[in-house]
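The values are calculated or read from the model by the stated rules, or taken from the named source; none is laboratory data. None of the values given here were measured: they were computed from a predicted structure. So basically every Cβ, Gly included, is an ideal-geometry build from the backbone, and we count neighbours across all protein chains shown. Note: areas computed on protein heavy atoms with side chains; ligands, DNA, RNA excluded. Shrake-Rupley method; radii C 1.70, N 1.55, O 1.52, S 1.80 Å.
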Amino acid sequence: MAKIIGGITTAHIPAIGVAMDKGLENEPYYRDLFAIYPPIREWLAEEKPDIAVLFYNDHGLEMFLDKKPTFAIGCAPEYENADEGWGIKPIPPVTGETDLSWHIVNHLIENDFDPTVCQDIKVDHGATVPLTLLWPNFTYKGIKVIPISINCERHPMPKPSRSLAFGKAIGDAIRCWDKDSKVVLLGTGGLSHQLDGPRAGILNAEFDNWCMDKIVSDPEAICQYSNVELVEKGGAQMVEIAMWLAMRGCIEGEVEERMRNYVSPISNTAVGVQLLIPKD
Amino acid sequence: MTNYKMKDIEGTVHFDGEMATKGFYFNKMCYSFNHEENRQAFRDDPEAYMTKYKLSEEQKQAVRDQDINRMLELGGSIYYLAKFAGIFGWNMQVIGGMMSGRTTEEFQAYLDSQGRGKNNG
């Protein structure tokens, strides 16, 4: 049976992708951020997961407002990246895993979640920056990826409790897939940031660290906040914690927090990175 | 009836159904900027490009004035505004400053003042 070997939270800020393109990882501005990634890459190299289930939000590359899914699952053999309009360099296609994608879709619908099913989508920096960070120099080609997107742009967005439950259902689906595969989960985005409006630039290190603690020990505690309360606490894009909740929901029971890094700000955003290992 | 009205947060325009309706064509124009040929068409003749995408007169004026807060009030989504900003070479700190009434350097300093975990050297 398939096994979830761990979950990783990471930012997907475009500036990080640009910094990697330009080889700026050791510059003072970025050094403390990038310090966490080599140990995580070592862990990945030792554990050798076959599949990455990647929670991200599309920022208007594929999913415009004309047809905007609340939850969407990629079911394609390959996912292309493309020009997003402001200068991040597109990367070569990401390999999919259609069998597990369809298994997840079937399991979800059987268990009362009804996502949009996507056989042809482009993935944006929300997916490509984390893949590039974790498998640099295009080595992400060696892992199969299932991109799962959550609407974080236009209200109404799924309630935090719903994103957690969505993750739980996906975790159940992975655990009952009858192939001996190792699966790593990626919860991308967050933490506090607000890109828009006169309130742009707000950060909240205290709340971010509370969320990182709770992602480990008690993710339900984060669900006491509505999306608008998350906006109030951590800025308009704090709602991206939805992807962290979905990732954490996939893991049953307790987790060990193997690694953590918190660096703020990078670009306009607080960056939290964690490696979580299921205890059982 | 379910109360889904979102609480007001100062300095923030919640991008909800009402705003998405108001800003649909504006956002559609900005979405088109994913393609270089469209960015170039806008650069060549912004008025014609805005008319082609059915922007309202108010939205056109906000673009002419480079008033990003006004674009947000008129239904712009920050996701697509980022693509608009890309045409002018403005990154998120530049437009963060424009929206919050700061210079880019002041905006960066404001971010840094709330920072943690970074030694900057």
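Things worth noting here:
- Per-residue HN-Hα couplings for the range A:176-188 [Karplus 6.51, -1.76, 1.60; θ = phi - 60°; Hz; x = Gly/Pro]: 9, 7, 8, 10, 7, 10, 9, 10, 10, 9, 10, x, 10
- Summed buried accessible surface, chains A and B, 1.4 Å probe, nearest 100 Å²: 4000 Å²
- In the range B:18-82, trypsin sites (Lys or Arg not before Pro) in a DSSP loop with at most 15 other beta-carbon atoms within 10 Å: B:Lys54
- Across the range A:86-97, computed HN-Hα scalar couplings (Karplus, 6.51 cos²θ - 1.76 cosθ + 1.60, θ = phi - 60°) run 10, x, 6, 6, x, 10, x, x, 9, 7, x, 8 Hz from first to last residue, x flagging Gly and Pro.
- Of A:Cys152, A:Cys211, A:Cys118, the residue with the greatest mean-square motion in the GNM of chain A, using alpha carbon springs below 10 Å, is A:Cys118.
- Amide H contacts under 5 Å for A:Glu78, placed H, 5+ residues apart: A:Gly96
- Residue separation of B:Arg70 and B:Thr104 scaled by 0.36 nm, minus their Cα-Cα distance, works out to 10.3 nm of gained length.
- Probing with 1.4 Å while keeping every protein chain in the model, the per residue accessible area of the range A:172-253 equals 28 Å².
- For the protein assembly as shown, taking Cα atoms only, Rg and Dmax work out to 20.1, 62 Å respectively.
- A:Arg258/A:Cys176 FRET efficiency (R0 25 Å; Cβ-Cβ; nearest 0.05): 0.45
- Candidates A:Val184, A:Val239, A:Val231: whichever shows maximal mean-square fluctuation once chain A is modelled as a Gaussian network with Cα springs under 10 Å: A:Val231
- The range A:256-270 - phi-based ³J(HN,Hα) in whole Hz, Karplus 6.51/-1.76/1.60, Gly and Pro as x: 9, 8, 7, 9, 8, 9, 9, 9, 8, x, 10, 6, 9, 10, 8
- Accessible area of the protein assembly as shown belonging to carbon and sulfur atoms, whole % at 1.4 Å probe: 48 percent
- Unsatisfied cross-links (Cα-Cα over 23 Å) in the set A:Lys168/A:Lys214; B:Lys5/B:Lys28; A:Lys3/A:Lys89; A:Lys48/A:Lys122: B:Lys5/B:Lys28; A:Lys3/A:Lys89; A:Lys48/A:Lys122
- Other-chain or far-sequence residues with amide H under 5 Å of B:Arg116's (modelled H): A:Ser264
- For B:Leu111, the accessible surface of its heavy atoms amounts to roughly 0 Å² (probe 1.4 Å, protein chains only, rounded to the nearest 10).
- Value at 222 nm in deg cm²/dmol, rounded to 500, when DSSP H runs of n ≥ 4 in chain A each add -39,500 (n - 2.57): -10500 deg cm²/dmol
- Rg and Dmax of the range B:17-90, based on Cα coordinates, read 10.9, 32 Å.
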